[in-house]
């Protein structure tokens with residue numbers, strides 16, 4: 001098991017290129033199940049979740065040929081065995097996005113058996129909206145031994161009106177599942193209370209290029225006219241707005257100036273607006289034909305102003321940036337308030353930040369962060385993907401050395417996270433936990 005060893009207090013300077021989005025790439029990959037022709041995805045990040053999805057698709061009869069380029073991976077998916085429809089627990093338990101295979105499988109093959117998924121320990125995330133949506137399209141849903149079994153009577157789903165609203169807003173993966181399934185359903189499907197996230201727009205754009213008839217993606221109502229079949233296509237994965245937001249926080253907390261290339265600024269207004277209120281400058285550089293792929297400069301010269309943050313579905317503040325912004329607010333000049341409306345239990349990083357000298361008081365789904373002048377390096381434990389990133393950000397500014405354990409969480413969503421900060425001046429390295437412990441004992 002690896003750890004990150006970070007010596008804080010260094011200024012950052014240079015350019016970081018943002019990778020393709022993990023949250024976009026995973027549902028895009030499962031769309032390979034909807035067509036008999038090759039689906040080519042470029043700028044796919046090299047992450048453990050991507051490798052697990054590739055392995056899962058392989059068990060579902062999809063061959064994946066991978067070419068590594070300077071801009072990420074290009075993966076060519078082609079179905080070679082359409083008889084395989086069982087997504088087993090051994091793979092599905094490693095990532096929640098495995099549930100995204102359910103809709104494409106039942107839509108194309110008429111039958112799916114998918115294990116109930118795993119993922120980060122950030123609170124309850126039921127799949128009932130996925131199942132209700134597929135039932136509305138005519139699928140017969142049963143549970144057997146921890147597996148979801150979905151069957152389309154007559155081999156094809158039927159278009160219908162589907163409501164995907166839930167207690168914490170719309171479901172992103174549920175919207176991706178029903179959107180994908182509806183492309184091959186007979187008739188018209190209307191998804192009401194659909195997720196508006198840019199990753200859903202990216203998926204819809206690719207499906208349209210494959211021959212789907214979709215309108216309204218990016219709004220709460222998506223309309224899909226079912227077609228008989230979909231073709232293959234070539235698609236460039238959108239940049240990762242969560243990775244971009246993470247490095248914006250890294251620049252801000254170290255009071256540095258860095259440039260981000262391939263940054264999806266058009267999808268990040270809630271985050272960049274919040275940074276502006278905190279005293280952090282985010283300035284687009286030059287012009288760009290695609291507002292989702294801009295260059296921008298992030299800098300901070302004054303104190304960090306405390307703010308109030310409430311996580312909400314897009315276009316609200318993203319829950320996946322909550323931990324990173326909390327780390328930044330630990331050094332603010334006053335009291336900040338963070339309310340988590342998406343995953344109310346997503347505060348496992350609070351105790352670890354307090355080990356580094358942060359002053360945070362949590363009450364239910366709200367945390368009050370009282371800014372301190374200095375964080376101090378300490379051994380801490382990563383609890384989930386985004387909490388891990390928050391600890392890295394805190395460590396970059398902390399006095400002394402921080403050891404972050406269980407960094408396999410980070411590898412699920414950040415490609416070699418230690419490399420990019422190191423290239424712009426951070427002191428961060430990966431080490432084997434046992435070897436590092438033995439080396440420190442001999443000092």
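I need 85, 270 ordered by Cβ neighbour count within 10 Å, fewest first.
Neighbour counts put them in this order, fewest first: 270, 85.
Of the beta bridges DSSP finds with both residues in the chain, what % are antiparallel, to the nearest 5?
Roughly 70 percent of the beta bridges in the chain run antiparallel, per DSSP.
May I ask you to sort 163, 317, 343, 325 by Cβ crowding, counting other Cβ atoms within 10 Å and putting the fewest first?
Ranking 163, 317, 343, 325 by Cβ neighbours within 10 Å, fewest first, gives 163, 343, 317, 325.
Taking 0.36 nm per residue of separation and subtracting the Cα-Cα distance, what length does fully extending residue 368 through residue 1 add?
Working it through step by step, the gained length comes to 128.8 nm.
For a quick check: sort 59, 340 by the number of other beta carbons within 10 angstrom, fewest at the front.
Fewest-to-most Cβ neighbours within 10 Å comes out as 59, 340.
Stretch residue 401-residue 351 to full length: gain in nm at 0.36 nm per residue minus the Cα-Cα span?
Roughly 16.2 nm would be gained on extension.
Between segment 328-407 and segment 245-268, what is the separation of their alpha carbon centroids in Å?
Here the answer is 19 Å between Cα centres.
If you build the convex hull over the alpha carbons only and average its shadow over all orientations, what do you get for segment 22-234? Give it in nm² to one decimal.
That works out to 10.4 nm², a quarter of the Cα hull's surface.
Please report the antiparallel percentage of DSSP beta bridges with both residues in segment 22-234, rounded to the nearest 5.
Close to 75 percent.
To check my understanding: the extent here is largest minus smallest coordinate of the Cα atoms along each principal axis. What are those three numbers for segment 3-99, in Å, largest first?
Computed over the Cα atoms, the extents are 56, 27, 17 Å.
Arranged from highest to lowest average of other beta-carbon atoms within 10 Å per residue, in what order do the peptides 393-405, 418-430 appear?
Answer by packing, highest mean first, reads 393-405, 418-430.
How large is the direction-averaged shadow of the alpha-carbon convex hull of segment 188-249, in nm²?
Computed as one quarter of the Cα hull surface, the answer is 4.9 nm².
How much length would be gained if the chain were fully extended between residue 132 and residue 66, taking 0.36 nm per residue of separation minus their Cα-Cα distance, in nm to one decimal?
The residue 132-residue 66 span can extend by a further 20.2 nm.
Give me the orientation-averaged projected area of the Cα convex hull of the chain, in nm², one decimal.
In nm², the orientation-averaged hull projection of the chain is 20.2.
Just order 206-213, 251-258 by mean Cβ neighbour count inside 10 Å, highest at the front, would you?
So the order, starting with the most tightly packed, is 251-258, 206-213.
A short reminder: the numbers here are calculations on the coordinates, not readings from a lab. Everything quoted here is computed from the prediction, not taken from an experiment. FYI the Cβ positions are ideal-geometry reconstructions off the backbone, even for glycines, and counts take in every protein chain you see.
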